[in-house]
Amino acid sequence: MSLPLSLGPARPVPLSSINPVAQLGALGFVLPVLLVSGGLLTPLIVLAAEVCLLPAAGLARPRALLARTWPLLLGAAGVAWVNVLFGDASGGSGWPSAIALAVRVLALALPGVLLVASTDPVRLADALTVHWRVSTRFAYGALAALRLVPLLATEWQTIRLARRARGIEPGRNPVAHARLFAGTAFALLVAAVRRGTRLATAMDARGFDSGVERSNARGSRLRLRDAGYLGGAALVCLLAVLVSVRAGDWHPVLGG
Amino acid sequence: MAGSAPAAVRLTGWGFRYASRRAWAARDVDLLVEPGERVLLTGASGSGKSTLLHALAGLLGPDEGEQAGGITVGGQQPGRARAGTAVVFQDPDAQLVMTRAGDDVAFGLENAGLPPDRIWAAVDAALDAVGFPYGREHATAALSGGQKQRLVLAGALAGRPGLLLLDEPTAQLDPDGAALVRTAVARAVADRGSTLLVVDHDAAAWLPLVDRVVELRAEGGAVQHGAGWAPAPLRLPARTPRPAGELLLRADAAGFTHRGSDVPALPPTDVAVPAGRTLAVTGPNGTGKSTLALLLAGLRGPTTGRVTAGPALTAGLARPGRPPHRWRADALVRRIGTVFQHPEHQFLTGRVRDELALGPLRSGAGDDAASRRADELMERLGLAALAEANPFTLSGGQQRRLSVATALATVPFVLVLDEPTFGQDRDTWSDLVALLAEQQDEGRALVLVTHDAAVVDALADDVLRLTPATGAEGPA
């Protein structure tokens, strides 16, 4: 099983040259438009633009793309299926509205995939603290915690094996399975809290809690291309709405 | 933080009691360390070495507990001198913050508010000072334990601290990694730009690096050792080697590759485990020692080759033809006992007595038999006074003894132990080695995965040294 989120320094892709806050800012245009749009055309145009950006995020090969988006595709299919099943009851019209909804889900979620695929977590923390004045304690604390996640996966395995070594095994009983899972999860939680506490102590010993205003060695610059990216996002949204209105497919629904 | 002069350390009648404890963690300590001096602080576990170091680092405030006597760093309260003090702890994974080496070294300098244009020069100087062999962009996750700890040391040195505190910095490393870190420390403090205080039970290894040794006493106070002092030799059990008994376990070209990985965690390996003998498995990190232990312990199935059990082990099994990893857990614990590297991973109950009775209960002994077995083990291993204590609150040495005892509770034929002497001081080390020698004399087979050359000398009949298959650096 491979996780769709990979941790650690990300290999730079063309889209990495766009500042993470510009990518988040672009969501400020895309989200409201998608949330109020009711038809198929608006989300379809937005989705098409997003798909065009996939190669720039290093997601050109179908395998790499699938590895990152399978939970999303599954979710969109689920939404469509539920809508086909219950669509008539809620006044929708089966397949067409189901497809429109699925496209909307994809168009809403793909910017997140682009952001994760093209952004190094450290650069994201830098951009958030430098430009949006997000608390450094929160941003770098979260970053440090993120480093511990792969270690937890190893720890989970060890705790499972250690329980078998103590004679504890669920066999075929589902209740015993649930109890073993809960016990292992609790042991993992205890281990995570212990290690997290030690990490926090070590960070404070390096002056993280000194109260001095933190400087940033890497910095985070906003450039012309970031403005261009934002403008592009606004333009795509505008275009999508205009085309939908022209085609008579603009049925705004507030709050979705 | 950028550039402090070497600081003096002065303790007069100092003591500390944690808020949650009744006993003092350390008391009546008098110590004077001159600026630029290099001192090793040693003592048995529970003598308060680490507490003293935390206090000097300014990490023990009034919330943590009660303080007695005087303690100053560079003439100031440790809390006020924190900007000029740097600490390195045991576990590198609980100290690295960033994903890239250079960013991690820069972390402390950023916290001190140093302007960005001065940070990178200081980072490069610190990486050079510890002899870090990779560039700033190197991923921290891809480093070995020793290199990670070297990087942590670079992060501590980057601000040119007046006082450098090392809290058992090599306790979690293999001998190569530990040597790497000691070389880096020697190189970094050669100019005496920082006062150095090292806490470690392994005094011998640090002797060439320090000016003098101070030993904390568990009953309070500190003893200053003069030049030429050396730690007392380890107590070793008297042993008479026995001929190999019946074959209990064997591995034929058994190897293991994690799912989704191209590189085997353990290349195909042959092992024979006869009764009454001890096999030590040694070798650098990443060569698959612990993986081999899991295969022999019946906790994982090999992905190539096979592990088979001899007739003495399979007697009484419903399906004796099955390999150990397919045995039911209750059948497994009566045949093969496993002791993991970190005892806390294995503890399942809230009391020492219950912990010992659990295995026998699980493998079908009645309540009475299980509780008799628990009493007998507690008596033999000196844990009787702790019968009602919570296993998680025991000291490192006690936890280790308890984890070995839990494996012995079901009277297995084979005992597999992963780094059993990890983190033990000289006394608990000797107790543990004596306990294991007894097991061997009773005819049990022991498989020891270890980096500890002394335990190999003391116990091993056979040694299997695993070597790296490729030049790739394995995980810590």
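The values are calculated or read from the model by the stated rules, or taken from the named source; none is laboratory data. Keep in mind the model is a prediction, meaning the values are calculated, not measured. No Cβ is skipped: glycine too gets one built from the backbone with ideal geometry, and neighbour counts run over all protein chains shown.
Quick notes on this structure:
- Yes/no for residue B:249 being within 14 Å of chain A (Cβ to nearest Cβ), over 22 Å from the mean Cα position of the chain (by Cα) and at pLDDT 90 or above: no
- Scanning the stretch A:52-63 turns up at least one residue that is on the phi < 0 side of the Ramachandran plot, of a type in the set (D, E, K, R) and assigned to a helix (DSSP H, G or I).
- Against the test of being under 22 Å from residue B:93 (Cβ atoms), surrounded by fewer than 23 Cβ atoms within 10 Å (Cβ to Cβ) and more than 14 Å from chain A (Cβ to nearest Cβ), the options B:175, B:233 yield a single qualifying residue, B:175.
- As for the stretch B:55-72, it holds no residue that is β-branched (Val, Ile, Thr), buried (at least 16 other Cβ atoms within 10 Å of the Cβ), under 24 Å from residue B:205 (Cα atoms) and assigned by the TED database to the domain that holds residue B:204.
- So residue A:155, is it among the charged types (D, E, K, R) and not in a helix (DSSP H, G or I): no
- Selection within the stretch B:18-32 - outside any loop (DSSP other than H, G, I, E, B) and within 19 Å of residue B:168 (Cα to Cα): B:26
Conditions (1) under 30 Å from residue B:79 (Cβ atoms); (2) more than 10 Å from chain A (Cβ to nearest Cβ), marked per residue:
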{"residue": "B:98", "(1), (2)": "yes, no"}
{"residue": "B:114", "(1), (2)": "yes, no"}
{"residue": "B:141", "(1), (2)": "no, no"}
{"residue": "B:161", "(1), (2)": "yes, yes"}
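- Residue among A:178, A:202, A:191 that is over 25 Å from the mean Cα position of the chain (by Cα) and over 30 Å from residue A:125 (Cβ atoms): A:178
- Those residues of the stretch B:355-383 which are surrounded by fewer than 18 Cβ atoms within 10 Å (Cβ to Cβ) and among the basic types (Lys, Arg), in sequence order: B:372, B:380
- Considering the stretch A:194-210, and only residues there that are modelled with pLDDT under 90 and either more than 7 Å from chain B (Cβ to nearest Cβ) or out of contact with any helix residue (DSSP H, G or I) (no Cβ under 8 Å at 6 or more places or on another chain) (or both), the residue that is nearest to residue A:146 (Cα to Cα) turns out to be A:194.
- Some residue of the stretch B:337-351 being of a type in the set (A, V, I, L, M, F, W, C), touching a strand residue (DSSP E or B) at 6+ places or on another chain (Cβ under 8 Å) and assigned by the TED database to the domain that holds residue B:386: yes
Each row is one residue, and each column tells you yes or no for (1) touching a residue at least 40 places away in the same chain (Cβ under 8 Å); (2) closer than 21 Å to residue B:37 by Cα; (3) of a type in the set (Val, Ile, Thr).
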residue	(1), (2), (3)
B:190	no, yes, no
B:202	no, yes, no
B:222	yes, yes, no
B:255	yes, no, no
B:264	yes, no, no
B:268	no, no, no
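- Among residues of the stretch A:46-86, those that are polar (S, T, N, Q) and either within 15 Å of residue A:99 (Cα to Cα) or more than 18 Å from the chain's Cα centre (by Cα) (or both), counted: 1
- Some residue of the stretch A:202-212 being touching a strand residue (DSSP E or B) at 6+ places or on another chain (Cβ under 6 Å), farther than 30 Å from residue A:39 by Cα and in a helix (DSSP H, G or I): yes
- Condition met for residue B:218 (assigned to a loop (DSSP other than H, G, I, E, B), hydrophobic (A, V, I, L, M, F, W, C) and in contact with a Leu (Cβ under 9 Å, 6 or more places away or on another chain)): no
- Residue that is surrounded by the fewest Cβ atoms within 10 Å (Cβ to Cβ), among those in the stretch A:164-175 that are over 34 Å from the mean Cα position of the chain (by Cα) and part of a helix (DSSP H, G or I): A:164
Matching residues to (1) in contact (Cβ under 8 Å) with a residue 24 or more places away in the chain; (2) of a type in the set (Asp, Glu):
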{"position": "B:8", "(1), (2)": "yes, no"}
{"position": "B:12", "(1), (2)": "yes, no"}
{"position": "B:18", "(1), (2)": "yes, no"}
{"position": "B:22", "(1), (2)": "no, no"}
{"position": "B:26", "(1), (2)": "yes, no"}
{"position": "B:32", "(1), (2)": "yes, no"}
{"position": "B:37", "(1), (2)": "yes, yes"}
{"position": "B:42", "(1), (2)": "yes, no"}
{"position": "B:58", "(1), (2)": "yes, no"}
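- When residues of the stretch B:238-271 are limited to those that are in contact with a Leu (Cβ under 7 Å, 6 or more places away or on another chain) and β-branched (Val, Ile, Thr), the one farthest from residue B:445 (Cα to Cα): B:269
- Exactly one residue among B:316, B:301, B:226 is small (Gly, Ala, Ser), within 23 Å of residue A:163 (Cα to Cα) and surrounded by fewer than 15 Cβ atoms within 10 Å (Cβ to Cβ), and that residue is B:316.
- Yes/no for residue B:155 being crowded, with 18+ Cβ neighbours inside 10 Å and part of a helix (DSSP H, G or I): yes
- Residues of the stretch B:274-319 satisfying the condition of being charged (D, E, K, R) and within 14 Å of chain A (Cβ to nearest Cβ): B:300
- Considering the stretch B:112-131, the residues that are of a type outside the set (Gly, Ala, Ser) and in a loop (DSSP other than H, G, I, E, B) include one that is surrounded by the fewest Cβ atoms within 10 Å (Cβ to Cβ), namely B:115.
- On inspection, residue B:109 fails the criterion of being part of a loop (DSSP other than H, G, I, E, B), farther than 24 Å from residue A:155 by Cβ and over 29 Å from the mean Cα position of the chain (by Cα).
- Annotation note: of A:161, A:235, A:222, the sole residue that is assigned to a helix (DSSP H, G or I), closer than 28 Å to residue A:22 by Cβ and at pLDDT 90 or above is A:235.
- Comparison of B:339, B:352 shows that the only residue that is more than 12 Å from chain A (Cβ to nearest Cβ), touching a helix residue (DSSP H, G or I) at 6+ places or on another chain (Cβ under 6 Å) and surrounded by 22 or more Cβ atoms within 10 Å (Cβ to Cβ) is B:352.
- Positions within the stretch B:83-106 being part of a helix (DSSP H, G or I) and in contact with a Pro (Cβ under 8 Å, 6 or more places away or on another chain), in sequence order: B:84
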